[in-house]
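*Asks:* Below is one structure. I have some questions about it.
The values are calculated or read from the model by the stated rules, or taken from the named source; none is laboratory data. From a predicted model like this one, the values you see are computed outputs, not experimental measurements. Quick reminder, even Gly has a Cβ in these numbers, built from the backbone with ideal geometry, and neighbours come from all protein chains shown.
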Amino acid sequence: MVAMNVEPEAEADFKAWYDDEHVPALLAVPGCLCARRFKATEGSHRYVALYHLAGPEVTASERWQTATNTPSTLKMRRHTSDRLRLVLRSYGGHSHDRDIRTHTGGA
């Protein structure tokens, strides 16, 4: 999960970069099952992105690092603030966790 704010004057470029470059690059990384971006209706962070991964180790892979450190990405980061990044693992042991993995195409 990544949350951030974007400078208002860079918002159009942010949306285009995210939709046209960033999400396709991440979805091409083995182990990235889904990538979605949300715009908050309230709260301290205007944008939140959720990435469903086969496991937390996906973010340490060379392919993930390449996809998240492109020249366009580094340029766009200059227009973001209050970045919050969390790598989370499913809280196992609950039957609904297994159901979620089944419905999202996971293992």
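*Asks:* Just checking, does segment 78-88 include any residue being out of contact with any strand residue (DSSP E or B) (no Cβ under 9 Å at 6 or more places or on another chain), without any contact (Cβ under 8 Å) to a residue 12 or more places away in the chain and not in a helix (DSSP H, G or I)? First the steps, then the outcome.
*Replies:* Keep residues of segment 78-88 that are out of contact with any strand residue (DSSP E or B) (no Cβ under 9 Å at 6 or more places or on another chain), which gives 78, 88.
Checking which are without any contact (Cβ under 8 Å) to a residue 12 or more places away in the chain leaves us with 78.
Checking the rest, the ones that are also not in a helix (DSSP H, G or I) come to 78.
Yes; the residues of segment 78-88 include at least one that is out of contact with any strand residue (DSSP E or B) (no Cβ under 9 Å at 6 or more places or on another chain), without any contact (Cβ under 8 Å) to a residue 12 or more places away in the chain and not in a helix (DSSP H, G or I).
*Asks:* Which numbered condition in (1) surrounded by 15 or more Cβ atoms within 10 Å (Cβ to Cβ); (2) in contact with a Lys or Arg (Cβ under 7 Å, 6 or more places away or on another chain); (3) at pLDDT below 95 is the only one that VAL6 fails?
*Replies:* Of (1) surrounded by 15 or more Cβ atoms within 10 Å (Cβ to Cβ); (2) in contact with a Lys or Arg (Cβ under 7 Å, 6 or more places away or on another chain); (3) at pLDDT below 95, only one is false for VAL6: (3).
*Asks:* Between residues in segment 1-17 that are outside any strand (DSSP E or B) and residues that are hydroxyl-bearing (Ser, Thr, Tyr), which pairs lie under 7 Å by C-beta distance while being six or more apart or on different chains?
*Replies:* Here the result reads TRP17/SER72, each pair linking segment 1-17 to a residue that is hydroxyl-bearing (Ser, Thr, Tyr).
*Asks:* I'd like to verify a number: residues in segment 40-60 that are under 13 Å from the mean Cα position of the chain (by Cα) and either loosely packed, with under 13 Cβ neighbours inside 10 Å or among the polar types (S, T, N, Q) (or both), how many?
*Replies:* Adding up the residues that qualify gives 2.
*Asks:* Name the residue that is nearest to THR70 (Cα to Cα), counting only residues in segment 24-38 that are of a type in the set (A, V, I, L, M, F, W, C) and part of a helix (DSSP H, G or I).
*Replies:* Within segment 24-38, the match that is nearest to THR70 (Cα to Cα) is ALA25.
*Asks:* Counting just the residues of segment 25-39 that are surrounded by 15 or more Cβ atoms within 10 Å (Cβ to Cβ), aliphatic (A, V, I, L, M) and free of Cβ contacts under 8 Å to residues at least 60 places away in the same chain, which one comes out farthest from LYS15 (Cα to Cα)?
*Replies:* So the residue we want is VAL29.
*Asks:* Would you pick out the residues in segment 1-58 that are touching a Leu at 6+ places or on another chain (Cβ under 6 Å) and farther than 15 Å from ARG83 by Cβ?
*Replies:* Scanning segment 1-58 gives GLY31, CYS32, ALA35, ARG36, HIS52.
*Asks:* Being among the charged types (D, E, K, R) and either out of contact with any Ser or Thr (no Cβ under 8 Å at 6 or more places or on another chain) or under 15 Å from TYR47 (Cα atoms) (or both) is the filter here, so list the residues in segment 9-35 that pass it.
*Replies:* GLU9, GLU11, ASP13, LYS15, ASP19, ASP20
*Asks:* Here is a follow-up. Only one of these is in a helix (DSSP H, G or I), hydroxyl-bearing (Ser, Thr, Tyr) and out of contact with any Pro (no Cβ under 7 Å at 6 or more places or on another chain): THR59, THR41. Name it. First the steps, then the outcome.
*Replies:* On the way: THR41 fails: in a helix (DSSP H, G or I).
When all the criteria are applied, what remains is THR59.
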